[in-house]
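Only the coordinates and a few stated rules stand behind these numbers; no lab work does. Small disclaimer: the values here were computed from a predicted structure and weren't measured. Cβ placement follows ideal geometry from the backbone for every residue including glycine, while neighbour counts extend to all protein chains displayed.
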């Protein structure tokens, strides 16, 4: 939140280094730090500390702060590269999940439409359960038409519904007479 405020509303101001030194870091090495002071537009004195910087007490330093909330401040440019380094990775992962979600949504929608259409126009035949897959949530099945043997797979179903079936059990299949490979199980409707 403070990064957004500094980027969107931050003003640059000069301050003075009042102390500097080094402290032992978590990884066992030493980390430099500085303490600085500055006066905001109202003349109020503010103090801050930042690690990873060094300087002599009394030296001038460029700072950023939010004028309407001056308690939010930092050394100018500090922390801006962290978000930038990960920006494209986060964008890529987000894009990947968005594409996967859209694909799933379109596939599910097409499957539901197919089921609705086949419930009126489809031909019902007996098929067999070929395999229970995807952690017991989908059924792959085989069925025979006048053009040969075809197979299909359900969308993920509730486990309680799938548990009623075993391999080689009979199931009712609705298939498209115009394109025999398109089918749904009656239990999906």
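If R0 equals 45 Å, the separation of the Cβ atoms of residue 100 and residue 11 corresponds to a calculated FRET efficiency of about 0.55. Note on the chain: with a GNM built from Cα contacts shorter than 10 Å, the maximum mean-square fluctuation among 33, 143, 175 falls on 33. Rg/Rh for segment 1-155 stands at 1.44; both radii use Cα atoms, and Rh follows the Kirkwood definition.
Of the residues 58, 29, 21, the one that moves most in a GNM of the chain with alpha-carbon contacts below 10 Å is 29. Our summary gives segment 86-188 a relative contact order of 27 percent, counting only alpha carbon pairs under 8 angstrom and 6 or more residues apart.
If you plug the beta carbon distance of residue 160 and residue 116 into 1/(1 + (r/R0)^6) with R0 = 25 Å, you get a FRET efficiency near 0.60. With each label modelled as a point 7 angstrom along the Cα→C-beta vector, the residue 53-residue 124 pair spans 7.7 nm.
Per-residue ellipticity at 222 nm, computed for the chain from helices alone with -39500 (n - 2.57) per DSSP H run of at least four residues, works out to -9500 deg cm²/dmol.
Over all projection directions, the Cα-based convex hull of segment 113-152 averages an area of 3.4 nm². Of the peptides 122-134, 160-172, the order by per-residue mean of other Cβ atoms within 10 Å, starting with the highest, comes out as 122-134, 160-172.
A viscosity of 1.002 mPa s and a temperature of 20 °C, combined with the Kirkwood radius over Cα pairs in Stokes-Einstein, give a translational diffusion coefficient for segment 86-188 of 142 µm²/s. Taking a ≥ b ≥ c as the square roots of the eigenvalues of the Cα gyration tensor of segment 16-103, is the shape rounded (a/c under 1.5), prolate (a/b larger than b/c) or oblate? The shape class here is oblate. Note on the chain: GNM, Cα springs under 10 Å; of 118, 105, 45, the largest mean-square fluctuation is that of 45. Take every pair of alpha-carbon atoms less than 8 Å apart whose residues are at least six positions apart; their mean separation over the length of the chain yields a relative contact order of 15 percent. Extension gain for the segment residue 149 to residue 22, taken as residue separation times 0.36 nm less the Cα-Cα distance, is 38.1 nm to one decimal.
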